[in-house]
1. Run the simple label-point estimate for A:A27 and B:D275 please: 7 Å along Cα→C-beta, distance reported in nm.
2. Mind running the shape call on region B:138-292? Use the C-alpha gyration tensor, a ≥ b ≥ c as the square roots of the eigenvalues: rounded below 1.5 for a/c, prolate if a/b tops b/c, oblate otherwise.
3. On a 26 Å Cα-Cα criterion, which of the cross-link pairs A:K24/A:K181; A:K173/B:K58; A:K104/A:K181; A:K104/B:K244; A:K104/B:K102; A:K104/B:K238 come out too long?
4. What are the ³J(HN,Hα) couplings of region B:118-130, residue after residue, when phi is run through the Karplus curve with 6.51, -1.76, 1.60 and θ = phi - 60°? Round to Hz, x for glycine and proline.
5. Using DSSP to call loops (not H, G, I, E or B), can you name the trypsin sites (Lys or Arg not before Pro) in region A:1-83 whose Cβ has at most 15 other Cβ atoms within 10 angstrom?
6. Find the centroid of the Cα atoms in region B:81-142 and in region A:22-94, then give the distance between the two in whole Å.
7. In nanometres, what is the gap between the two model label sites at B:E71 and B:K115, each 7 Å from Cα along Cα-to-Cβ?
8. How large, in percent, is the carbon and sulfur part of the accessible surface of region B:91-209 at a probe radius of 1.4 Å?
Amino acid sequence: MRKAGSFDKAVSALRIERCYQCGKCSAGCPMGSVMDAPPHRIMQWVGRGAIDRAVNAESIWLCVSCQTCTARCPQTVDTAGIMDEVRALAWREGVCSPAMVRTKLFLEAFLDSVRRHGRLNETELIAKYKIRGFLSDYKMALLLKDSMLAPRLIKRGKFRLFGGKSGDRDVIKRIFDKCEKVAAAEANDKTPKEAHHG
Amino acid sequence: MNLLLGYYPGCALHGSSSDYESSIQACLQAFKIRLVELNGWVCCGASAAHSVNPLLSKSLSARNLAIAEREGYTELLAPCPLCSMELCKARHTILEDEEHRKQLSDIVELPLQGKTRVINVLQVFESIGQAELREHVKQPLTEVRAACYYGCLLTRPPKVVEFDDCEHPNSMEGILEALGASTVKWNFATECCGAGMTLAREETVIELSHRILANAVAHGANCIVVACPMCHVNLDMKQEETRKAHPELPQLPVYYLSDLVGLAVGLKESQLGVDKHFVPAELDLLSEPAETR
Ligand code: SF4
Ligand code: SF4
């Protein structure tokens with residue numbers, strides 16, 4: 001069992017203990033049909049402390065954060081917020097089900113770009129995501145996909161090769177550093193993971 | 001109406017959704033609303049930040065709110081619903097949780113009170129009001145039968161964004177009807193299109209978008225109207241691929257709400273960026289005079 005730490009505090013603030021397993025969150029979830037464990041199942045696992053099952057689920061990487069579950073929960077559980085907390089925990093611990101690695105790489109490439117420029121550089125995002133994705137699974141088709149889209153975007157003036165940069169890039173780097181430090185401190189705030197419990 | 005609004009474009013509007021920016025700017029100019037871009041704004045971190053580090057997500061938004069406050073804006077327009085929701089969420093925390101407010105203020109290195117209100121594009125049109133909208137109409141949209149598509153984040157989560165009814169919104173309908181358009185009743189107005197998963201989970205996005213497009217067609221719509229850059233990418237840019245997977249689906253133009261308001265008040269396609277869309281606009285349905293086509 002994990003020691004009660006910042007994760008437990010965070011999900012408690014999002015009212016996990018109020019979940020009565022009605023399943024309404026899963027009924028309205030747009031990604032429910034492709035998830036291995038729909039949101040109410042994740043809530044059940046988190047609620048009873050089976051965190052390892054939750055962080056290993058594919059569904060935390062499939063969730064698109066549409067907030068439908070949170071908006072509809074009869075018990076005012078912030079279901080989408082708890083999905084975020086589980087994903088953030090998985091991220092800190094480096095856990096990710098193999099089929100979902102591409103989604104994780106996409107998020108990584110996105111944040112890299114924001115950290116460096118303060119804003120998203122779409123060219124850099126796509127290039128990094130495609131190359132890292134390719135190195136993770138060697139799927140050539142996915143590497144080349146969308147490359148046909150670029151000329152069509154350029155034609156429409158919808159493609160800026162060099163994205164914008166924020167004027168305050170030093171501050172942005174400090175914001176990233178501070179937030180990552182807090183997250184790292186929280187990660188140490190736990191006993192090591194216990195395998196598949198719950 | 002001679003109004004000045006703080007403007008947070010966000011990365012999408014400064015990137016591949018630049019047509020949305022031109023649409024909003026041209027359209028609001030027609031109502032004498034001036035947008036002033038927030039100095040030194042930073043990316044809100046989108047789904048990436050809140051997915052992996054909720055504190056980082058709030059901090060990036062808090063930085064933008066602090067800049068808006070410093071520059072004295074009472075209202076900040078964030079046309080992308082994801083940016084807008086993230087900004088609202090950070091403001092909600094700032095106003096409700098003093099401990100968190102202090103932490104965020106420290107992190108972003110600026111004073112932070114949560115004074116600036118964050119608004120979406122629909123709220124700007126609502127504040128203009130139906131009467132004034134009607135007065136500006138030069139080209140009534142009589143042939144338009146719109147499926148108003150709100151997607152996820154314009155109305156959700158309701159406690160955070162505090163806008164319209166999250167299950168049965170009707171603000172967009174009110175705006176379009178004031179311009180002479182009709183709107184259809186349909187089932188997918190608030191269903192998700194897959195949002196930012198376009199690159200990472202393309203096949204899922206195509207299936208979700210297909211359900212939305214097909215339902216709009218089944219209910220007699222001749223276009224879909226959106227107010228979100230991601231909805232536009234998934235429904236417009238990806239429509240060709242969606243139709244490849246579902247050949248029975250007819251082509252359906254996807255407009256930004258500001259496109260239709262702009263066209264109704266006499267602006268041209270090219271001024272608004274409608275000519276940049278992937279699915280060509282069916283201007284017949286706007287019954288435009290020949291020389292503006
Ligand atoms: S809708 Fe709320 S109460 Fe019902 S299962 Fe989901 S989180 Fe639990
Ligand atoms: S936020 Fe995630 S879990 Fe909740 S309904 Fe949307 S996709 Fe499903």
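The values are calculated or read from the model by the stated rules, or taken from the named source; none is laboratory data. Just so it is clear, the structure is predicted and the values come from calculations on it, not from any experiment. Every residue, glycine among them, receives a Cβ derived from its backbone with ideal geometry; neighbour counts consider all protein chains shown. The area values use the complete protein model at the heavy-atom level, side chains included, leaving out ligands, DNA and RNA. Shrake-Rupley method; radii C 1.70, N 1.55, O 1.52, S 1.80 Å.
1. In this crude spin-label approximation the distance works out to 5.0 nm.
2. Numbers: a/c = 1.69, a/b = 1.21, b/c = 1.39.
Here region B:138-292 falls in the oblate category.
3. Pairs exceeding the cut-off: A:K24/A:K181; A:K104/B:K244; A:K104/B:K102.
4. The phi angles translate into 9, 10, 9, 5, 4, 5, 5, 5, 5, 6, 5, x, 4 Hz.
5. Loop-located and lightly packed - A:K3, A:R48.
6. Taking the Cα centre of region A:22-94 as reference, the centre of region B:81-142 is 27 Å away.
7. Simple spin-label model gives 1.5 nm for this pair.
8. Looking at region B:91-209 in its full context, I get 46 percent from C and S.
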